[in-house]
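The values are calculated or read from the model by the stated rules, or taken from the named source; none is laboratory data. Because the structure is predicted, anything quoted here is derived from the model rather than measured. Heads up, the Cβs are rebuilt from the backbone with ideal geometry, glycines too, and the neighbour counts pull from every protein chain shown. Heavy atoms of the whole protein, side chains included, go into the accessibility calculation; ligands, DNA and RNA do not. Shrake-Rupley method; radii C 1.70, N 1.55, O 1.52, S 1.80 Å.
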Amino acid sequence: MSTASTAPELPPHTTSAGQAPHNVVQPSSAVDHAGAAGAGAAAGGHHYTQKDIKHIEKELHRAEKHDSKTFSHAEKEVHRAKKALHKAEKTEQKAISTHEKKEKVEHKAAKALSKAENEHNKAIADEQKAMKDIDIKKKHHAALEKEHAEKQQALERARQAKEAADREHEARRAEVHAANAAA
């Protein structure tokens with residue numbers, strides 16, 4: 001039986017982008033130089049040096065900070081999309097109102113066609129333009145609704161990824177401290 005206790009590989013860590021960081025620290029091997037199994041080796045634990053713990057804490061802090069920034073960016077994107085959606089709704093309502101007004105002018109001009117044929121033709125053109133404007137605004141509104149929904153989904157995915165990462169960080173932190181306490 002060997003007197004050296006080697007640490008198993010740590011669980012794979014991934015960033016929110018799904019990539020494994022290149023700087024995840026593996027624990028130092030604990031070697032019992034006296035030839036007897038130490039308390040940490042008997043308990044199946046691993047001894048981490050203060051340097052290892054400090055480095056692991058630094059990496060966990062960096063990962064948490066990255067996750068938090070990713071989540072914050074997603075929140076800001078949703079806020080911007082919501083603001084654009086609200087603006088699109090207002091401009092669509094304004095276009096509808098404009099169309100209704102132009103339609104009234106067209107009807108009034110049609111009644112007075114014998115007196116104002118030129119005015120009637122202009123009103124028809126204005127109504128057609130307003131209809132095209134409504135189509136454009138509706139398409140824009142629909143595109144913004146889709147974008148908003150996608151950003152909401154991205155925010156939810158970011159939230160879930162952050163929660164998973166937070167749980168993983170806490171579990172890793174507990175594992176490191178428990179292993180160090182057992183040593």
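A few points about this structure:
- Every listed requirement among (1) open to solvent by 80 Å² or more (accessible area, probe 1.4 Å); (2) farther than 30 Å from ASP52 by Cβ; (3) of a type in the set (Asp, Glu) is met by GLU170 save one, (2).
- Output for the range 135-158, where each listed residue is loosely packed, with under 15 Cβ neighbours inside 10 Å and not polar (S, T, N, Q): ASP135, ILE136, LYS138, LYS139, ALA142, ALA143, GLU145, LYS146, ALA149, GLU150, GLU156, ARG157
- Within the range 120-156, the residues that satisfy the criterion of being free of Cβ contacts under 8 Å to residues at least 12 places away in the same chain and either within 30 Å of LEU60 (Cβ to Cβ) or among the acidic types (Asp, Glu) (or both) are ASP135, GLU150, GLN153, GLU156.
- Residue in the range 108-134 that is least open to solvent (accessible area, probe 1.4 Å), counting only those that are of a type outside the set (Lys, Arg), farther than 28 Å from LYS151 by Cα and modelled with pLDDT of 85 or more: ALA130
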